[in-house]
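Here is the structure we will look at.
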Amino acid sequence: MSAKLPLLDESFEATQLMDAVSRKRMQQAQLLGLVMKEDATDYLHPETASEVLSAIYGATEATDPYACNSSELTGKFKELTTEATEKVFAGVPTWHALQKLPVAVMLTPCSTILSYSCICHPQHIYLGAASFQGENVEFVAENILHEYAHNWLYLLQEISPFSVDRWRMMYTLPSGTPNRSVTAVIDAAYVAAVLRYYYSKLDKSDRRRELTAYVAGCLMQIRNDPDLTRVGLSVCRRLCEVIATSD
């Protein structure tokens, strides 16, 4: 049986996932001895979420070179981000319900990346200044959607990991990025599938074909990975089904 996935399946129960994640974070905060919030919904606040997950993974913004010294968006960067975000949700109106998930969009001083997100810093998107070069709204929109998709998949992983962390096999993404775990490959395939879905709504067939090939290239590599969990396999099956459709 394949999983229902956010941003790809209109029937996906986003509120149900958010409720489950918030309750689990509250339980984890108690086990970690963190200062407790009054209500489980407080754990959907990006800063509170990051506090819990950073404690679990032992990685804070201060120790993350891509998130370190990040700041709020201002001026033209903020304007472009707002315009780009509106463009994304206008392109796929059924996604509006997913905006209930609070996401903090930050500017990273790291000059080597376009955008970044990490399960250690849930519900955070870090944009590099390079994303805004040329003030191309479509380019900013793709980078935002890329990381927004990652953040939704991280929520699923908080509830049920996609793989057993044995790291027995490592992979190279179709883009050439080496040394990726099986979970990282699923993440990459999922993001590409979401972008594919988005561009199909905009009738950009060339970009859609490129992304179809990318998703297939990811899934072909990991189809026999021994460390995939039942949930990981279910996600892979759904991604296979998605790219087999014409949208």
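Here, each number is a calculation from the coordinates, and none is a lab measurement. Here the structure is a predicted model, which is why all the values come from computation and not from measurement. Cβ atoms come from the backbone with ideal geometry, glycine included; neighbour counts cover every protein chain shown.
Within region 122-198, the chymotrypsin sites (Phe, Trp or Tyr not before Pro) that combine a DSSP coil assignment with at most 13 other C-beta atoms in a 10 angstrom radius are Trp167. Number of Lys-Lys pairs in the chain with C-alpha atoms under 15 Å apart and a separation of 8 or more places or on different chains: 4. Here r is the Cβ-Cβ distance between Ile113 and Leu31 and R0 is 45 Å; the resulting FRET efficiency, rounded to 0.05, is 0.85. Seen through its C-alpha gyration tensor, with square-root eigenvalues sorted a ≥ b ≥ c, region 163-247 comes out prolate because a/c lies at 1.5 or above while a/b is bigger than b/c.
In this label model, Phe89 and Arg223 are separated by 3.9 nm, measuring between points 7 Å along each Cα→Cβ vector. Centre-to-centre, using Cα atoms only, region 1-41 and region 198-213 are separated by 31 Å. The calculated FRET efficiency for the pair Asp39 and Asp165, based on their C-beta separation and a Förster distance of 30 Å, comes to about 0.45. Length gained on full extension, Thr15 to Thr74: 18.2 nm, using 0.36 nm per residue less the C-alpha separation. Is the chain best put as rounded, prolate or oblate by its Cα gyration tensor, with a ≥ b ≥ c the root eigenvalues, rounded for a/c under 1.5, and otherwise prolate when a/b is larger than b/c, oblate when not? Note, shape of the chain comes out rounded.
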